[in-house]
1. Go through the stretch 468-522 and report how many residues are over 16 Å from VAL240 (Cα atoms) and of a type in the set (Val, Ile, Thr).
2. Looking only at the stretch 212-223, count every residue that is crowded, with 24+ Cβ neighbours inside 10 Å and free of Cβ contacts under 8 Å to residues at least 60 places away in the same chain and tell me the total.
3. Take the residues in the stretch 182-211 that are charged (D, E, K, R) and assigned to a helix (DSSP H, G or I), then tell me which one is surrounded by the fewest Cβ atoms within 10 Å (Cβ to Cβ).
4. Based on this model, can you work out whether LEU391 counts as in contact with a helix residue (DSSP H, G or I) (Cβ under 8 Å, 6 or more places away or on another chain) and farther than 19 Å from LEU346 by Cβ?
5. Pick from THR364, THR339: which is in contact with a strand residue (DSSP E or B) (Cβ under 9 Å, 6 or more places away or on another chain), in contact (Cβ under 8 Å) with a residue 60 or more places away in the chain and not in a strand (DSSP E or B)?
6. For the stretch 238-260, which positions are among the small types (Gly, Ala, Ser), within 23 Å of VAL470 (Cα to Cα) and in a helix (DSSP H, G or I)?
7. Of everything in the stretch 163-181 that's farther than 22 Å from PRO90 by Cα and in a helix (DSSP H, G or I), which residue is farthest from the chain's Cα centre (by Cα)?
Amino acid sequence: MEPTHEHPDEPTQQDMENQLKQVFEKIPDEITIYLFAQPGKNDIFADTTRQAMRFFRQMSHKIVFREFKLDHELAKKYNIQNSPTILIDPEHYHIRWLGAPVGEEGRIFVEALIFVGFKKTGIGQQSLKVLNQIKDRRDIKLFVSPSCPYCPQQAMNALKAAVEKPDLISLEIIDIQANPEIAREYDAQSVPQTFANEVLIALGAQQEELFMLSLQKMEQQTLFIPDNDAEEIETDLVIVGGGPAGLSAGIYAARSGLKTVVLERNILGGQVATTPVVENYPGLTQIGGKQLVDILVSHALQYIQIFQGEEVMTVSKDHPMTISTNKRRFISKAMLLATGATYKHLDVPGESRLSGRGVSYCSTCDGPLFAGRNVLMIGGGDSAVTEALHLKNIGVDVTIIHWTDKLDAQEALAKQLTSTGIPVIYDTTVKEILGDKSVEAVTLLNRRTGKTKNMKTEGVFIAIGYLPSVDLADKLGVEKTPEGFIKQENYRTNVPGVYAAGDVVGGFNQIVTAAGHGSEAALTIFRDLLNYKTD
């Protein structure tokens, strides 16, 4: 939807280009970029790359661009086999890009130029300590896609490693849309996926320290413990969770006069960030989930500090409470749990084994790889139908499997499903997901007849609801409802000083509801702290 006018405080495209130009002009030395492309091979990606290069060359004369065919002697020198392939400053670094820097990947490319140009990455001290422990060569392959909001975070990690240790670390960023055959070779059917020396070391995006630790240990790590005390910050309110509830709470708490921080261990925006299209958020008829998240985060940053990649490890129950994360300590008068919910699993044989091998919970991230192929969408609610429509729109042959005889989705979405011709198999459940290295078929049970049959498919997308993220609540001894959600009254839990809001407390699983919960919870906390001071 085209905006009718621009907000006076919003940066325009020209503003952003001018800022970028100013940054590039400060780069001390030239950056050489080689493009290797062969006519007739991935021409659309090669043309897109040329357009991108023209744009960046306009930004600065420090960017030197040269193009060669695959039979050129330089292609042999650098062992280039795929078209298009981009080399970034190949005389100093071992960074290559198989694809075109568009969509989310455009952000990655800009950061790559800045890192290489300034020969600085801003890597954290803890991460650098881990990186310096690597003494053997690491050849990284990172699979990404232009529509994946998680990919830039993992790419930043990999770029930092390659720029900080060019003598030991090489990086190959592989766009799965431009190189589906390589993705299939590595069974990389979800993104981001990270390999080092041909070994899978990470599924999904990681915080910086965990990436470096995974690269060092050559296997995925889930916990990073700093070797010294983190910085200590005093605040009025710590909000755990950077989704709509947490971000809205941060805005309203700060506007009430409370010093507030938001901690988010994963991607900001939660489920919204991977929702292809959000419909009827007040004031917006239709908007991409990632775009809505960017708007929310930009707004929140005007009022609060956001600490992404920080996970709460321990909480003291003193007043004020001490909240320790994997990076620092917070001394706070109150805590709001806005930890949201995670995807429900089918819990059937083959699901976990084939996760990332054709089993996916994010159509935005993984859908492009399945263009022209057949997949199943499991579920019948708003999320399942929205994601099925998105898959159909990008050329995926999708069929919905639903366990009852009627969809649970809103009528407007159900009508779109009918008009686009997406088939629905009712009264059916998945009993098993079959396949050796990747998904090949599923076993379906007809609940009316009791009969089972195998159905061939190349992918299984699952959208059957969410489970509340209550691991931290459990550590704190917070009471829960029989359904497993946090029990609260006016957003207060049974633990003094601890509040809860958003999807983690149950109710309608809607973005606007979560945002409303967050704002109300913030005002409740403000009143409680005000009365506490008065008392």
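The values are calculated or read from the model by the stated rules, or taken from the named source; none is laboratory data. Because the structure is predicted, anything quoted here is derived from the model rather than measured. FYI the Cβ positions are ideal-geometry reconstructions off the backbone, even for glycines, and counts take in every protein chain you see.
1. The total comes to 4.
2. 0
3. Here the residue is GLU185.
4. Answer is no for this residue.
5. Sole residue among the options that is in contact with a strand residue (DSSP E or B) (Cβ under 9 Å, 6 or more places away or on another chain), in contact (Cβ under 8 Å) with a residue 60 or more places away in the chain and not in a strand (DSSP E or B): THR339.
6. Residues satisfying the conditions are ALA245, GLY246, SER248, ALA249, GLY250, ALA253.
7. Going through the qualifying residues, I end up with GLU181.
Residue-by-condition table, conditions (1) closer than 30 Å to ASP366 by Cα; (2) touching a His at 6+ places or on another chain (Cβ under 7 Å); (3) among the acidic types (Asp, Glu):
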{"residue": "ASP236", "(1), (2), (3)": "no, no, yes"}
{"residue": "THR275", "(1), (2), (3)": "yes, no, no"}
{"residue": "VAL293", "(1), (2), (3)": "yes, no, no"}
{"residue": "LEU296", "(1), (2), (3)": "yes, no, no"}
{"residue": "ILE304", "(1), (2), (3)": "no, no, no"}
{"residue": "GLU310", "(1), (2), (3)": "yes, no, yes"}
{"residue": "THR322", "(1), (2), (3)": "no, no, no"}
{"residue": "ARG329", "(1), (2), (3)": "no, no, no"}
{"residue": "SER332", "(1), (2), (3)": "no, no, no"}
